[in-house]
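First the structure, in the form of structure tokens, and then the observations on it.
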Amino acid sequence: MSITTFQVFLATARLHHGLLVDLCAEPGLISRAKLLTYMERHGISPADKDRLIERYCRTSILYEEADFEYSVNPVVAGLVNFYERRGRLTHAGFLRDQIFEIGKLTDTLQQFLYAETPEMDVIIDTVDKLYLVVREVRESGYQHYQACMRAFGDMKRNSAEKPIDVRIEELKTVHRRYIEPLRELIDPSAEPVQKMALLRRRMADLGVASGLLSESVELETRRARLATDIQYIDHTLIRHFETLIDTSRALLNSLLEEKSIKDALAACLGDLDGIWENLAADTIVLTGFKSNRAAGMDRQGAFFNDVVHGKFVPRPRPLTITPPKEERADHLLLFDDLLLSRMEKDRLIEGWPGFVIREYAAYPAGERLKAIALPLIMANPPFSVRMRDRTFSGDLTEFTVELTDFDIVWEGAHGR
């Protein structure tokens, strides 16, 4: 395509761009009658219709098929549909104003619903106005979400061509105009959210009023569509707004961190003598693991950033810690050797369960219970167990022990 032909193509595409968008949305062939209907809808005079069709065909925007049918150039259709789906940025203040308008109409509807003699025509007109405003909020909000997410993508894709300060300023502008005001629209305590909740209740009240709905099919249809749009706003659009806020915050923090690292690197490169002197000393870097690999740019940038902000002393030294001292847990656990040494020392212990509960009262109940049972379960013990003809009952705080009492006789003293 030559430069002249391309310029004619662009000039033709700029003519009646709304008509071109409608034509690109057609999936198949377009009859001449339908094409003329589209032109009439966009206010093109009858005298200009044939000339515009001829111009579209001459610039390859339209392909003329057989029997007066036309098709849109696939490249043009793909391009137009792509940018048409990108959505449009809507100032968040507009969405807020629309929701306040919904609140006013909701209050008006409430007055008419609970009047002594409800006027059907007035109620239908109010519901119709509510439907139009709510539908506008739904569509504008979704397009706003789509446009913001694509704007984020455009910023990231074109980031290499712009300085970091310009990128931060652009993101701050988008955040201030199009995203920050959305906080009020998702805050449960804010007035816009309360207005939407009030509208949900009024729609529920209208659904209960079977007498009113039976008199007008149009009112029931509007009420059902309103309920669908309100549910979409509550469960989908609000989540989209939360995603926008989180994404914008994350992108802004990322850019600010990148700027901080670049500023730190610039400052360090401007004072290499002082930086190398600090690098020669023992520097503590909290990495969480040891590695022999060279540090990456991110870690070096973080280090330079710490140097610039004075987080390191002029000649830092490594920290020293006292090695842990190993101690036996004799004050918490009753080991077998401790119990055996006591048996060997006393030689004869009458009423072993009661002895354990008295002598080792400072130990946990579970340890004392294991100590009571030890003589009964030990294999090849150096002592003998002498059962008694009475029952022992003892309280271990957490539970009560009741069993046949027994004595412990150390083998050296056995049979004396």
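Observations on the model:
- Chain lengthening between residue 41 and residue 173 when straightened (0.36 nm per residue, less Cα-Cα): 43.8 nm
- Electrostatic bookkeeping for residue 343 treats Lys and Arg as +1 and Asp and Glu as -1; over the other residues with beta carbon under 14 Å from its beta carbon, the sum is -4.
- Among the chymotrypsin sites (Phe, Trp or Tyr not before Pro) in the range 348-410, those located in a DSSP loop and surrounded by at most 16 other Cβ atoms within 10 Å of their own Cβ are 399.
- Summed residue charge, Cβ within 10 Å of residue 103's Cβ, Lys/Arg positive, Asp/Glu negative: -1
- Subtracting the Cα-Cα distance of residue 32 and residue 256 from their residue separation scaled by 0.36 nm leaves 75.0 nm.
- Considering the range 361-416 at the alpha-carbon level, its Rg and Dmax are found to be 12.9, 39 Å.
- Length gained on full extension, residue 361 to residue 267: 27.2 nm, using 0.36 nm per residue less the C-alpha separation.
- The calculated FRET efficiency for residue 243 paired with residue 107, based on their beta-carbon distance and R0 = 30 Å, is about 0.45.
- Inter-site label distance for residue 121 and residue 191 at 7 Å from Cα along Cβ, in nm: 3.3 nm
- Spin-label model distance (nm) - residue 11 vs residue 68, 7 Å beyond Cα toward Cβ: 3.0 nm
- Averaging 1/r over each pair of different alpha-carbon atoms in the range 61-204 and inverting the result gives 18.7 Å, the Kirkwood hydrodynamic radius.
Every read-out reported here was derived from the displayed coordinates using simple, explicitly stated rules and does not represent laboratory data. Given the structure is predicted, the values throughout are model-derived calculations rather than measurements. Backbone-built Cβ (ideal geometry, glycine too); neighbour counts: all protein chains shown.
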